[in-house]
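The values are calculated or read from the model by the stated rules, or taken from the named source; none is laboratory data. On a predicted model such as this, the values are computed, not experimentally measured, just so you know. Glycine also receives a Cβ, built like all others from the backbone with ideal geometry; neighbour counts cover every protein chain displayed. The accessibility values were calculated without ligands, DNA or RNA, using every heavy atom of the protein model including side chains. Shrake-Rupley method; radii C 1.70, N 1.55, O 1.52, S 1.80 Å.
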Amino acid sequence: MVVPHHPSGARIARHRLAAELAGAVSPAMLADLVAVLAELVGNAVRHADPLPGGVVRVAWRLRYPPEGPQLRLRVTDGGAASGPRIRPPDPDAADGRGLHIVSGLATSWGVERDGLGQSVWADFDPVGDRPALVTTG
């Protein structure tokens, strides 16, 4: 799906994800997915350029292996001068905790870059260890 490169894009993406996956994954997993998607879309809007048309692309893929549901979220934007990175937390800062949340809730996450922009993905695997960062591109 595509959402506007605007703060409302995170709300639109959260509602769509929750509606489509309600009943397909546990309520706890859905809560984690919604929180991480909001962070990823919010970061794309705040820190990256839009894709052509002023949008951000949001996708997810749900698989059902025997050990339990696995899901990958992916948010693609037009890229930024510097890629996403976890910053040391500043207790007085109003922001800067988003990727700490992503890292704490997702099994792994990473960034892929190409000539058109960047995609930030987060994997959720009930049997995986947390957290791992993978950067390619």
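Judged by the mean number of other Cβ atoms found within 10 Å, the most tightly packed of the peptides 33-40, 102-109, 60-67 leads the ranking 33-40, 102-109, 60-67. Here the accessible area of the chain is 55 percent carbon and sulfur, with a 1.4 angstrom probe and all protein chains present.
Compute the accessible area per residue over the chain, keeping the other protein chains in place, probe 1.4 Å, unit Å². Numbers along the way, then the final one.
Details: 7340 Å² over 137 residues.
Ligands and nucleic acids excluded, the result is 54 Å² per residue.
For segment 30-108, the spherically averaged projection of the C-alpha convex hull amounts to 6.3 nm².
Taking every DSSP beta bridge that has both ends in segment 1-83, the antiparallel portion is near 90%. Put simply, the C-alpha atoms of the chain give a gyration tensor, and the ellipsoid matching it has half-axes of 22, 18, 15 Å, longest first.
The gain in end-to-end length when the residue 81 to residue 1 segment is fully stretched comes to 26.3 nm, 0.36 nm per residue minus the alpha carbon separation. Sorting 116-123, 22-29, 51-58, 71-78 by average packing, meaning the other beta carbons within 10 Å per residue, from highest down gives 71-78, 116-123, 51-58, 22-29.
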